[in-house]
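See structure below.
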Amino acid sequence: MGGVAGLGSDRDLTIACTGESIASSQTFMRGHGSYLDQETSSILSSVCGTVERVNKLVSVRPVRTRYSPEVGDLVVGRVTEVGPRRWKVDIGSKSDAALLLSSVNLPGGVQRRKLESDELQMRNFFQEGDLLVAEVQSIFHDGSVGLHTRSLRYGKLRNGSLVRLAPVLIQRLKSHFLTLPNAEVDIVLGLNGYVWVAKHIPFDVTKAEGEASGKGIGMDIDGVYSDVNEEIPIHVRRSISRVSHLLKLLASYQLPISDVIVQKAYDFLHSFSSENLVGG
Amino acid sequence: MSSRLELLNAGGFRVDGRKQHELRSISIKLGGSIEGCDGSAEVTQGLTVVSASVFGPREPRLGGQSHDRATINVEVSLSPWGSMERKRRNKGDRRLLEIASAIRSTFEPVVHTHLYPRSQIDIFVQVLQQDGGILPASINATTLALMDAGIPMQDFVTSLSCGIHSTSPLLDLNNVEESDLPNLTVAVLPRTAKVTLASLETRLHVERFEEIFRLAIDACQVLHQEMDLATRARTKLLVSAMGGKLSIDKDSDEEARVGGLLDDDEMEY
C-alpha cells in the first residue's frame, strides 16, 4: 500500500480506529484526529472515524464529536451567565461562547454605541436560561468564540421547543431557517446540533429591508426580547411535538438532517390520516 | 476468611467452570443507553456489568480548570442491587473514590487533553452488577465511552485482573476468586504494550509477580481485539448511515437504530 492504508481510487470510505496507523509521516502531514508516533514515525489515528486526505494532509473525522465552531455558522444556544458587557452562551462546544453587548441589536432597532445604561439592563435583553439564535462572528486566538445577533432573524427564541441532536448530522444549507407550511412550524437548524422548533411566524420582509437600508430607528421590534409566549393553538402544539419527535427519530438512525429530508419526512408523516396520529 | 470452595480443582477447572487462562465472556454495547451524553458504553464481563458515560469536553463548572489542558473528572457509583448484600453507598465512600482516582490517573496520560485547554471532561461510571473485576471493567467501559464521544486518545486502554492460586496464575477473576487470591490489575495500551496502571492491593510473592504481570498484559491484547471489533463495527454503521447507505428493514431495525433515543412505544404514532 502506498503510504495510506486503503486510500485508493475507490469511493469506499476508509475507517480508522483509535491507535491505528494511517500513514507514514515521511510522505504525509498529520491533520485533525491524528498524532505522530515518535518511535515508528508513523501517523496514528486518535479517534474513530473516516480517514480523509487532502493532497499531503491526512486527517480523521470522528463519527461523533462535539460541535467545533466556524465563523459564519448559525447556532442555537442557551445563556449560562451574564457577565461584564457579555453573555456566556452554551452552544454545545468545548467551552461557552461569548456574546458581547456590542454585538446585539437594541430593542427598537436604534443604532448607537452601547452606554453604561445598556450595560446595567443587560438582563432585560437576555437572562440566564434564555435560548437564542446567533451567528459565529469570530474565533479568538485562544480558541474562544464570539457570537453576534445583529440581524432581525437572530435573537431570543420563544413559542417552541428545543431538540438536541448530534452536530455532525446537521448539513450545511443555504438557509438554516426552515418553514414547514402544512405543519405551521418554523425550524431553526443550529449547526451545533441544537434545533428550535416553533410556531410559524411570518417573517416581515419590509422590516428586514428597513434594517438593510439603515433606517433602523422607529422600527417596531419590541417583541424581539420578549419572554412571553404568544397564544399557540393546540394543533400547532401538536405539530411542534410531532416535528421534534421526527427530528429525534431521524437522528436516532444517524440520518443526516437537511431541509429536504425534514420536509419529505414530515409530508410522509402527514400523508397518514390524522386519526392515527398522536392526539389526532 | 478462608473458603471451603475449591478455586482450582484437580481437573484444572475454576469455580465457574473456566480454565486457568480463560476470560469471561465479554459483550459490548456502544452508545445510546444514556440520553444527553456525548458518548456511552456498557461492558459486560461475565456477571459484572458496568456502564460509562462521557460528557465533554465542556465548559468547566465550579472551578478546577487548568489553562493548558482539559481536566478529567471521574465519578463512580455502585448500584445497591448489584452485589450480594444490598447496601447503599454514598458518594464519599473511600473505595469508590479510590476506583475513581485510579480511572482518572489511567486516562490522564492517554487522552489528548492538551487539545482542549480550559475545559472539562466528565466521566460517570455506574457499576450495575458486581462480580469481581470492577476496576478493569470500568476502565474498559470508559475507554469505549471516550471513543464513542469522539475524544482523541493515544490508543485503546484495556484492563484485566490476574490472580495466582498457589503457583497457577488465573486470569479475569470473579468475585469469589478475587476475595481469596492475591491479585493484580493492569491496564495496557495494546499497540505499544505500555502499562498505564498496575494496581496490587493484596500481598503477592515477589517471584510470582512478573509471571502474572506478563500474562495479564498478553491477555489484554485479546481484550483489545474484541473492543476493536465492536468500535469498528459501530463506526462503519454510523458512517454508512450518514452516507445514506443504511437500509432500514424490519430485520435489521435493532442494529440500525444507532442512537436509541426513543423507546418503541414513543415511536408509535
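For chain B, modelled as a GNM whose springs connect Cα atoms under 10 angstrom apart, the maximal fluctuation among B:Gly92, B:Gly12, B:Gly36 occurs at B:Gly92.
How many percent of the alpha carbon pairs in region B:96-149 exceed a separation of 13 Å? Looking at region B:96-149, the distances longer than 13 Å represent 62 percent of pairs. Result for chain A in a Gaussian network model with C-alpha springs under 10 Å: among A:Ser93, A:Ser244, A:Ser252, the largest mean-square fluctuation is at A:Ser252.
Rounded to the nearest 10 degrees, the angle from helix A:259-270 to the longest Cα principal axis of chain A is 70 degrees.
For n ≥ 4 DSSP H runs only, could you compute -39500 (n - 2.57) per run for chain A, divide by its residues and tell me the 222 nm figure to the nearest 500? Please report the intermediate quantities before stating the final value.
Working: 5 runs with 48 residues, N = 280.
When only DSSP H runs of four or more count, the value is -5000 deg cm²/dmol.
Once the gyration tensor of the Cα atoms in region A:9-167 is diagonalised, the equivalent ellipsoid follows with semi-axes of 41, 16, 13 Å, ordered largest first.
On average, how much area does the Cα convex hull of chain A cover when viewed from any direction, in nm²? Don't jump to the answer; show the numbers that get you there.
Values: hull surface 75.4 nm².
Averaged projected area of chain A's Cα convex hull equals 18.8 nm².
Placing pseudo-labels 7 Å out from each Cα toward the beta carbon at B:Leu62 and A:Glu52 gives an inter-label distance of 3.8 nm. Of the residues A:Asn159, A:Gln26, A:Val58, the one whose Cα sits farthest toward the positive end of the charge dipole of chain A, with +1 on the Cβ of Lys and Arg and -1 on the Cβ of Asp and Glu, is A:Gln26. Neighbours of A:Ala166 by Cβ distance under 10 Å: Lys/Arg scored +1, Asp/Glu scored -1, total +2.
B:Leu78: net charge of surrounding residues, Cβ under 12 Å, Lys/Arg +1, Asp/Glu -1, itself excluded? Walk me through the numbers on the way to the answer.
On the way: positive: B:Arg86, B:Lys87, B:Arg88, B:Arg89, B:Lys91, B:Arg95; negative: B:Glu75, B:Glu85, B:Asp93.
Once positives and negatives cancel, what remains is +3.
Run the dipole for the protein assembly as shown about the Cα centre, Lys and Arg Cβ at +1, Asp and Glu Cβ at -1, nothing else charged, and hand back the magnitude in debye, nearest 20. Dipole magnitude for the protein assembly as shown comes out near 940 debye. Placing a label point 7 Å from the Cα of B:His205 along the Cα-to-Cβ line, the residues of region B:169-193 whose backbone N sits under 18 Å from it are B:169-171, B:180-184. Shielding value for B:144-151 is 5, the average number of Cβ atoms from other chains within 10 Å of each residue's Cβ. Placing a label point 7 Å from the Cα of A:Ser102 along the Cα-to-Cβ direction, the residues of region A:135-166 whose backbone N falls under 15 Å from that point are A:137-140, A:146-150. Distance from the C-alpha centroid of region A:48-66 to that of region A:87-147: 32 Å, rounded to the whole angstrom. What residue among A:Ala134, A:Ala16, A:Ala183 shows peak mean-square fluctuation when chain A is described by a Gaussian network model with Cα springs under 10 Å? Per the Cα network of chain A with a 10 Å cutoff, A:Ala16 tops the list.
Per residue of A:141-149, other chain Cβ atoms within 10 Å of the residue Cβ number 1 on average.
Counting heavy atoms of the protein chains alone, A:Thr65 has an accessible area of about 50 Å² for a 1.4 Å probe.
For region A:15-62, the gyration tensor built on C-alpha atoms gives an oblate shape. Its axis ratio a/c (a ≥ b ≥ c) is at least 1.5, and a/b is not larger than b/c.
Which FRET efficiency value, to the nearest 0.05, is calculated for B:Asp93 and A:Ile261 with the Förster distance at 51 angstrom and r the Cβ-Cβ distance? Mind showing how you got there, number by number?
Details: r = 48 Å, r/R0 = 0.94.
The computed FRET efficiency comes out at 0.60.
Remark: spin-label model distance B:Phe13-A:Ser41 equals 5.6 nm, labels positioned 7 Å along the Cα→Cβ axis. Summing charges over all other residues whose Cβ lies under 11 Å from the Cβ of A:Lys199, with Lys and Arg as +1 and Asp and Glu as -1, gives -2. The packing ranking of peptides B:169-176, B:104-111, highest mean first, is B:169-176, B:104-111, where packing means the average number of other beta carbon atoms within 10 angstrom of each residue.
One compactness figure for the protein assembly as shown is 1.11, namely its Cα radius of gyration divided by 2.2 N^0.38 Å. Across the options B:Gly12, A:Ser138, B:Gly46, the greatest Cα extent toward the positive end of the charge dipole of the protein assembly as shown (unit charges at beta carbon of Lys, Arg, Asp, Glu) belongs to A:Ser138.
In percent, rounded to a whole number, the relative contact order of chain A is 15, using alpha-carbon pairs under 8 Å and six or more apart. Relative to the current alpha-carbon distance between A:Asn124 and A:Asp142, full extension at 0.36 nm per residue lengthens the span by 3.5 nm. For peptide B:116-123, the mean count of partner chain Cβ atoms within 10 Å of a residue's Cβ comes to 3.
Under a point-charge model restricted to the Cβ atoms of Lys and Arg (+1) and Asp and Glu (-1), what is the dipole moment magnitude of region B:1-108 relative to its Cα centre, in debye to the nearest 20?
Working: 17 positive and 13 negative charges, 87 e Å.
It comes to approximately 420 debye.
If I require 27 Å or longer along the helix axis, counting alpha carbons, and a Kyte-Doolittle average no lower than 1.0, what helices from chain B are left? Use full DSSP H segments.
Working: long enough: B:206-242 (54 Å, 0.17).
Membrane-span-like by this rule: not one helix.
Dipole magnitude of chain B about its Cα centre, charges +1 at Lys/Arg Cβ and -1 at Asp/Glu Cβ only, in debye to the nearest 20? Kindly include the intermediate steps, with their values, before the conclusion.
Numbers: 29 positive and 38 negative charges, 166 e Å.
With Lys and Arg at +1 and Asp and Glu at -1, about 800 debye.
With each label modelled as a point 7 angstrom along the Cα→C-beta vector, the A:Phe177-B:Ala198 pair spans 6.4 nm.
Semi-axes, largest first, in whole Å: what does sqrt of 5 times each Cα gyration tensor eigenvalue give for chain B?
Details: eigenvalues 207, 106, 71 Å².
After diagonalising the Cα gyration tensor, the semi-axes are 32, 23, 19 Å.
For region A:65-157, what is the convex hull volume of its Cα atoms per residue in Å³?
Details: hull volume 9.3 nm³, N = 93.
Cα-based convex hull of region A:65-157, divided per residue, equals 100 Å³.
Buried between A and B is an accessible area of approximately 3900 Å², summed over both sides with a 1.4 Å probe.
The values are calculated or read from the model by the stated rules, or taken from the named source; none is laboratory data. Only a predicted model underlies this, so the values are computations on that prediction, with no experimental measurement involved. Cβ sites come from the backbone with ideal geometry, for glycine too, and all protein chains shown count toward neighbours. With ligands, DNA and RNA removed, areas are computed over all heavy atoms of the protein, side chains included. Shrake-Rupley method; radii C 1.70, N 1.55, O 1.52, S 1.80 Å.
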